[in-house]
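All remarks here apply to the structure that follows.
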Amino acid sequence: MAANKKLLVLPGDGIGPEVMRETRRVIEWMARRRSLAFEIEEGLVGGSAIEAEGAPISDATVARAKAADAVLFGSVGGPKWDGLPFEQRPELGILRLRKDLGLFANLRPAVVLDPLAEASSLKPDIVRGVDIMVVRESTGGVYFGEPRGVETLADGKRRGFDTDVYHEDEIARVARIAFDLARKRRNKVTSVEKANVMQSGRLWRAVVGEVHKAEYPDVQLENMYADNCAMQLCSRPAQFDVILGSNLFGDVLSDLAAALTGSLGMLPSATLGAVDPVTGKRHALYEPIHGSAPDIAGKGIANPCAQMLSFAMLLRWSFGFEDEAALVEQAVEKVLAGGLRTADIMQPGMARVGTSVMGEAVVRELDKLAG
Ligand code: NAD
């Protein structure tokens, strides 16, 4: 039993509040049945924060996020705010949180649940049993490197440029997260880069190798070019355990890995910061990988599983509640095995249900699993 773990819940826009409502039932179940005492605050982010507070995230909400043990995030954005200038867009809410909380390691599991193996775009035989964790560096690399811009040359033609830049400490800290994770899984890290054509890729390979040799010689390390990794993910995905990549390659490869599993509505993620040497605490944010799905928002048909599974990741990575995390994961899998499907994962012969029926079913399954 743990006392007063502080959670900041930010449902956001579109389907965010709908899937968060179901996840709150799971949180309440944990309080009731497993005595997990969470102190929960709720706040605004994204378009809803723009409307009510004049910014995609207020300073007060960022301060509450910093004070919390973990942030559970929904999704932000929608057509209503698409016309706003870049610095006022809903997405800045999440970008600011990542930056201010120093969240540098994005963890995206791609697990093919047995009942959904048929929903993958690949043959069930190829994807069955796939259980990959993509660790993506998320505060550096080409998405943030300077110089960047679009300039107009003397001849009037435009030239766009970005800089893929990594300091060795940035590579080492995210590599440690990948190696630590691998030790709790199947003990293998595949580190991806383009060391054949990129200088930052050469450094990436060298630093990952040094961290491995000095601190994690027991973990199997494989280096792979990012393009080869993309190909292998489509042909032999079961070979992978933890895939480690830069912001750019991690982004692309985690989407590819996600596609193997069949649905955006099923996929959670975590983004972790460094452990504070004084408090021993680590900032962390958990969110589904899907967006606010404006096309289905308000219809009560969104799949709440990715948000619930994000909460399972929170239980595991922020609090070490491994048994409780596994309970949530098993409950979701059992509901699927029992034949319930939201529209996004509907298959022939299954029963189509909405968001709240899916949520109720997961809670019922938790009751059964807990006996
Ligand atoms: P999206 O993930 O919102 O939706 C893509 C498709 O998947 C849609 O057809 C949607 O209906 C479906 N889908 C997504 N989640 C689902 C769920 N839980 N259940 C059932 N179906 C689901 O991506 P998009 O359409 O490219 O973006 C919509 C908005 O979300 C944009 O404003 C975008 O900027 C924003 N976005 C936010 C985040 C975030 O908050 N981290 C991430 C991605 C996109």
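At a glance:
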| quantity | calculated |
| --- | --- |
| Cα gyration tensor shape of region 245-318, rounded if a/c is under 1.5, else prolate or oblate by comparing a/b with b/c | oblate |
| Kyte-Doolittle at least -1.0, axis length at least 15 Å by Cα - qualifying DSSP helices, the chain | 168-183, 199-215, 247-260, 305-319, 322-337, 355-370 |
| Charge dipole (region 109-261, unit charges on Cβ, about Cα centre) - positive-most of SER121, HIS212, GLY201 | SER121 |
| Estimated dipole of the chain in Debye, rounded to 20 [Cβ of Lys and Arg +1, of Asp and Glu -1, Cα centre] | 540 debye |
| The chain: C-alpha gyration tensor shape, a/c 1.5 cut-off, then a/b vs b/c | rounded |
| Region 1-144 - charge dipole about Cα centre, Lys and Arg +1 at Cβ, Asp and Glu -1, debye rounded to 20 | 420 debye |
| Length released on extending from LYS281 to GLN88, taking residue separation times 0.36 nm less the Cα-Cα span | 66.4 nm |
| Full-stretch length increase - SER235, ASP162 - with 0.36 nm per residue and alpha-carbon distance subtracted | 23.1 nm |
| FRET efficiency, ARG148 to LYS299 (Cβ-Cβ, R0 41 Å, nearest 0.05) | 0.55 |
| Local net charge near GLU41, Cβ-Cβ under 13 Å (Lys/Arg +1, Asp/Glu -1) | +2 |
| Distance between region 1-41 and region 271-325 - C-alpha centres, whole angstrom | 10 Å |
| Three-way shape label, region 109-261, alpha-carbon gyration tensor, a/c 1.5 | oblate |
| Pairs beyond 25 Å (Cα-Cα), from LYS5/LYS66; LYS5/LYS213; LYS5/LYS334; LYS5/LYS99 | LYS5/LYS213; LYS5/LYS334 |
| Label-to-label distance, nm, for residues given as ALA31 and SER356 (7 Å Cα→Cβ offset) | 2.0 nm |
| Solvent-accessible area per residue, Å², over region 109-261 with all protein chains present [probe radius 1.4 Å] | 48 Å² |
| Descending principal axes extents, region 216-272, alpha-carbon based, whole Å | 37, 30, 21 |
| SER121/ASN4 FRET efficiency (R0 41 Å; Cβ-Cβ; nearest 0.05) | 0.40 |
| Local electrostatic count, GLU333, Cβ distance below 12 Å [Lys/Arg +1, Asp/Glu -1] | -2 |
| Charge dipole (debye, nearest 20) of region 123-204; +1 at Cβ of Lys and Arg, -1 at Cβ of Asp and Glu | 520 debye |
| Convex hull volume of region 267-365 per residue (C-alpha atoms, cubic angstrom) | 100 Å³ |
| Dipole of region 109-261, positive end: most advanced residue of TYR166, VAL135, SER191 [Cβ charges, Cα centre] | SER191 |
| Positive dipole terminus of the chain, leading residue within LEU92, SER58, ALA175 (C-beta point charges) | ALA175 |
| q = 0.10, 0.15, 0.19 Å⁻¹: log10 I(q)/I(0) that the Debye formula gives for region 50-187, counting C-alpha atoms only | -0.57, -1.08, -1.20 |
| Förster radius 30 Å - calculated FRET efficiency between ALA337 and ARG21, Cβ distance, rounded to 0.05 | 0.80 |
| For region 190-251 versus region 111-164, the gap between their alpha-carbon centres in whole angstrom | 14 Å |
| Label-zone membership for region 179-202, site ASP227, 7 angstrom Cα→C-beta point, backbone N under 17 Å | 192-202 |
| Label-zone membership for region 274-301, site ARG173, 7 angstrom Cα→C-beta point, backbone N under 11 Å | 274-277, 283 |
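The values are calculated or read from the model by the stated rules, or taken from the named source; none is laboratory data. Quick caveat, the model's predicted, so the values are computed rather than measured. No Cβ is skipped: glycine too gets one built from the backbone with ideal geometry, and neighbour counts run over all protein chains shown. Protein only, heavy atoms only, side chains kept; ligands, DNA and RNA dropped before computing areas. Shrake-Rupley method; radii C 1.70, N 1.55, O 1.52, S 1.80 Å.
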